[in-house]
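Read-outs throughout are calculated quantities, based only on the coordinates presented, and are distinct from any laboratory measurement. Note that the structure is predicted; figures quoted are calculated from it, not measured. Every residue, glycine among them, receives a Cβ derived from its backbone with ideal geometry; neighbour counts consider all protein chains shown.
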Amino acid sequence: MPELNPKNIGLSASGLLLFRGERCLLNQLALRVAPGEGLVLRGPNGTGKTTLLRVLCGLTLPEEGDVHWKGIAIRQQRDEWQRALGWSGHKAGLKSELTVRENLDFAAALAGRRMGEIPAELGLAECLDLPARVLSAGQQRRSSLARVLLGNALVWLLDEPYSNLDAQGQAYLNACLDTHLAAGGIAVIASHGNAHSALGMTEKTLMNGVLQ
């Protein structure tokens, strides 16, 4: 196997070990996702998919092991990693006192973009002028996803992004993912369904703390 230039590896992790009580969620886990590649995490609820995504983000620290961006541990380059990262998890990452429109306008402005059609494609048109604090769980998840799609992040880490999306929204997300990967971006998503299947991303099952 030819030697890889660390800067072309993109996102990688090695030796990730993490316990919850006596249960081992990540057991010397390793992964590598190169620019232009997508990885889908599969597995039953409770196997640690969300935990793994949080470790990759830097929100949860493992007992052992490191996550690397372009060959350098993210703990050594926090600011650069945060600039490269687009994260959509269970918490929406929105300012609760601002409306959805204000939150997304701000995210778009940071990326030098306009909000455009993204909220409507994700079914958010009717709640744009509501404060984020009154959104349902589904609306929060879709708003969080819209925030990522509006950014210029090189790496998308998405926890169940197809949840609460209708067929139109799922197709739109697939189009966004396809464009993102074609431009050399990276995506790691946790998903139970098969809405992503047309994209041809690599699938791995998280079981007993390792990716199979």
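Before moving on, here are some points about what is shown:
- Just so you know, the Rg over Rh for region 1-119 is 1.02, from Cα atoms, with Rh as the Kirkwood radius.
- Computed FRET value (nearest 0.05) for ARG113 with THR205, which takes r as the C-beta separation and R₀ as 45 Å: 0.80
- With a simple spin-label model that places each label point 7 Å from the Cα along the Cα-to-Cβ direction, the separation between SER163 and LEU17 comes to 3.0 nm.
- Fewest-first ordering of ASP105, ASP166 by other beta carbons within 10 Å of each residue's beta carbon gives ASP166, ASP105.
- Order of LYS70, LYS91, LYS49 under a 10 Å beta carbon neighbour criterion, fewest first: LYS91, LYS70, LYS49
- Overall size of region 109-212 from C-alpha positions, given as principal axis extents largest first: 44, 29, 24 Å.
- Where both bridge residues fall in the chain, DSSP classifies roughly 50% of the beta bridges as antiparallel.
- Net lengthening on full extension, ALA175/ASN45 (0.36 nm per residue, minus Cα-Cα): 44.1 nm
- Given charges at Cβ of Lys, Arg, Asp, Glu: region 77-154 dipole, positive-most of ALA132, GLY89, PHE106: GLY89
- Among VAL40, VAL210, a tally of other beta-carbon atoms within 10 Å of each Cβ gives an order, fewest to most, of VAL210, VAL40.
- Here the simple spin-label model places points 7 Å from the Cα toward Cβ, and for ALA120 and GLU64 these points are separated by 5.4 nm.
- Cβ charges +1 (Lys, Arg) and -1 (Asp, Glu), total dipole of the chain, debye: 300
- Square roots of 5 times each gyration tensor eigenvalue, C-alpha, the chain, largest first, Å: 28, 19, 17
- Cβ-Cβ distance of GLU102 and SER197, R₀ of 25 Å, FRET efficiency by 1/(1 + (r/R0)^6): the value works out to about 0.10.
- Normalised by residue number, the volume inside the convex hull of the Cα atoms of region 120-168 is 91 Å³ per residue.
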